[in-house]
Every structure is written in structure tokens, then in C-alpha cells.
Amino acid sequence: MTTQPQTGHDDGSAPRSRPRGAAFLLSQVGAHAATRFAERIGGLGVAPSDVGLLRMIATRPGRSQQSLAEELGVVPSRVVALVDGLERKGLVERRRNPQDRRNYALHLAAEGERVMAGMRDLAAAHEDEICAALDDTQRAQLTELLEAVAAQQGLTSGVHPGYRHLPQ
């Protein structure tokens, strides 16, 4: 990691070195944003991983657990465990797929719909808080730049890579 000295301390303290570089700043802001997001949604009784799965199911009601596994890049048994947790919380319903009775179609339960409705306002407030230092043009530019980095890194659009590392 490269450092650049900070100078001009009026309090008489020794100058400090600070990390420099986009990768560090992405990590720093990302960790902060993730912590703030988890705090913000805690009142809804869900974790960030729950919200991501609910969003994926809400955008494609009736999708299979297999399709979730493929999109998340995890083994199907991992998705079964994640969906089991959502089902226990009353957020998701598994229904037999009418086209293939061997598979379940995933749908939001009424409580899942309620959580997602609350998430819309919380997500907007979170975005506004994290990006408060930017005007609309800068925010759009930052989003575009981050999308380019994510694509170059082979990240699946809209899917947090953390699902691969969640505890069993």
C-alpha cells in the first residue's frame, strides 16, 4: 500500500501517513456503507443477506431455488439453507412449481412484501446518506465508474459476492 504524508497539523502533533488509492477507499467506504445498512435495516428484523435474496425473489416471483443458486454462484444446497431461514421468518413461501412438481417456486409472503416496502424508503435514505457529499451528476458518474470496475472484475450485476462466504 502506498502512503502519502499529511502535513499541516495545527495541533503540533506529528504528521500522519494515510493510505492512498482507489482500492483502499472502495474498501473503506464499502465496509462503512455495509455497517450502516445493517444498522438501518435491523429494525425490520432482517439481515443484509435476507434483503438481497428477498429483492431477487421479488424481481422474479416464482423463480426456482436452482436459478437463485446459479445467479448467486453458490451450490444449490446453500440456497436451500438460505431460503429455509427466510421461510422460518415468514418472509418467503415455497410453492410447488406447476410446470415441474419436483421444484419449488419462490414467492414473497405477506411479511416479505411488507419488509420490501419498508426497504424502499430505507434504501433511498441510505443512498442519500452515503452519497451526501456528491451532487446528482457526481453520483451518476461514480455509479457509472463503479459499474465499470465491477464488470471488469467479473462481478454479477446486482449480486453481492458475500453470499459465497456466509456462515453455514
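The values are calculated or read from the model by the stated rules, or taken from the named source; none is laboratory data. A quick note: this is a predicted structure, and the numbers were derived from the prediction, not measured. Here the Cβ is made from the backbone with ideal geometry for all residues, glycine too, and neighbour counts use every protein chain on show. SASA here: full protein model, heavy atoms, side chains in, ligands and nucleic acids out. Shrake-Rupley method; radii C 1.70, N 1.55, O 1.52, S 1.80 Å.
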Cα-only Debye scattering, segment 77-142: base-10 log of I(q)/I(0) at q = 0.13, 0.17 Å⁻¹
-0.58, -0.74
Just to confirm the number: angle between the C-alpha axis of helix 22-41 and the first principal axis of the chain, 0 to 90 degrees, nearest 10?
50
If amide H atoms are built 1.01 Å from N in the plane of the peptide, which residues on other chains or at least 5 residues away come under 5 Å of the amide H of Val92?
Glu87, Ala109
Suppose R0 equals 22 Å. What FRET efficiency, 1/(1 + (r/R0)^6) with r the Cβ-Cβ distance, do Arg96 and Gln66 give to the nearest 0.05?
0.95
Quick one: pull the percent of accessible area on the chain belonging to carbon and sulfur, 1.4 Å probe, ligands and nucleic acids left out.
54
Round to a whole angstrom and tell me the spacing of the C-alpha centers of segment 109-156 and segment 54-87.
21
Using label points projected 7 Å from each Cα along Cα→Cβ, tell me how many nm separate Arg36 and Ala81, to one decimal.
3.2
Options [x] 16.9; [y] 17.5; [z] 18.6 are given for Kirkwood radius over Cα pairs in Å, and the computed one is [z]
Using the heavy atoms of the protein chains and a 1.4 angstrom probe, tell me the accessible area per residue for the chain in square angstrom.
65
To the nearest 500 deg cm²/dmol, what mean residue ellipticity at 222 nm is calculated for the chain from DSSP H runs of n ≥ 4 alone, each contributing -39,500 (n - 2.57), summed and divided by the residues?
-18000 deg cm²/dmol
Between 0 and 90°, nearest 10: helix 76-88 axis offset from the chain longest Cα axis
80
0 to 90° range, to nearest 10: angle between helix 136-152 axis and the chain longest Cα axis:
70
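How high is the relative contact order of the chain, in percent, counting Cα pairs under 8 Å that sit 6 or more residues apart? Show your work: numbers first, answer last.
Values: 141 pairs, mean separation 32.8, N = 168.
Value for the chain: 20 percent.
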